[in-house]
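The structure under discussion appears below in the form of C-alpha cells.
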Amino acid sequence: MGIMDLEDLVEETLDEFLLECVGNKAEEISQLPAMLDGIEYLLDKDELIAKTDFCEMFEVGDSSADHCYEENGELHVLYSLDYILQTGIDGEPVWRIQGTIKAHLVMPDRKSADWNEFADDDKNFSELYEKYRPLVRFESIDYVFIEAGIMDC
C-alpha cells in the first residue's frame, strides 16, 4: 500500500482512534471544571465536581476531523465531537452534560509512526489503541455549546 492521502488517513483510517482519544479525554473527571466553566446555574457545582467519581459517555453524536496538516515531524488534527456525558457520585447519576468538544491533537507524522496499521483488518483495534495512544497529546481542548442538567433519579 502506498502512502495514503493525509485527509483519507485522518478521516477514514484514524477516525475510530481519534474518536476514542477525544471521548476518553472527555471522560476524565479532571476535565469537568473546564467543561462546566461558565455554567453558573448548577447548584453546588464545585462541591459536586470534587465528589464526582465517574464520567461516562452516554451518547456520541457527530464527530469529524475538521482540519489536518503535517508540520515539523508532527501530524496536527483539529477534531470535533458532539456528545452527552453522564457524571455521578457513588454510582448515582448527578449531571448530564451535552456539548461539543473542539480538540487540537498532535501526534508523530506518517514518517515517524505507521498509522496505516489501523487500516489492517487483521490487527486488533484495542491493542493498536494502547500502542499509539501514548503518542498523542492534546495541544488544546475547548468545550463549546455546553448545557448541563441535574439528573432526576
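The values are calculated or read from the model by the stated rules, or taken from the named source; none is laboratory data. It should be emphasised that the depicted structure is a prediction, and the values quoted were computed from it without experimental measurement. All Cβ positions, glycine included, derive from the backbone under ideal geometry; neighbour counts span all protein chains shown. Accessible surface areas use protein heavy atoms only, side chains included; no ligands, DNA or RNA. Shrake-Rupley method; radii C 1.70, N 1.55, O 1.52, S 1.80 Å.
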- In the range 105-128, what residues are free of Cβ contacts under 8 Å to residues at least 40 places away in the same chain and within 17 Å of the chain's Cα centre (by Cα)? Val106, Met107, Ser126
- Item | Output for the range 103-139, where each listed residue is open to solvent by 50 Å² or more (accessible area, probe 1.4 Å) and closer than 14 Å to Cys21 by Cβ | Phe125, Ser126, Glu130, Lys131, Arg133, Pro134, Leu135, Arg137, Glu139
- Under the condition of being over 13 Å from the mean Cα position of the chain (by Cα) and open to solvent by 60 Å² or more (accessible area, probe 1.4 Å), which residue from the range 60-77 is farthest from Ala26 (Cα to Cα)? Asn72
- Task: Give just the number: which of (1) under 19 Å from Asp8 (Cβ atoms); (2) without any contact (Cβ under 8 Å) to a residue 60 or more places away in the chain does Ile49 not satisfy?
- Result: (1)
- Query: When you go through Ser80, Ser30 one by one, which is the residue that is open to solvent by 40 Å² or more (accessible area, probe 1.4 Å), modelled with pLDDT of 95 or more and not charged (D, E, K, R)?
  - Reply: Ser30
- Item | Members of the range 1-27 found to be closer than 17 Å to Gln86 by Cα and either outside any helix (DSSP H, G or I) or open to solvent by less than 50 Å² (accessible area, probe 1.4 Å) (or both), listed by number | Val22, Gly23, Lys25, Ala26, Glu27
- Query: Among the residues of the range 129-147, is any of a type in the set (Gly, Ala, Ser) and in contact (Cβ under 8 Å) with a residue 12 or more places away in the chain?
  - Reply: yes
- Message: Could you go through the range 45-57 and let me know if any residue there is in a strand (DSSP E or B), within 23 Å of Phe17 (Cβ to Cβ) and open to solvent by 30 Å² or more (accessible area, probe 1.4 Å).
- Response: yes
- Query: Which residue out of Leu19, Leu6, Leu48 is closer than 16 Å to Ile97 by Cβ and among the hydrophobic types (A, V, I, L, M, F, W, C)?
  - Reply: Leu48
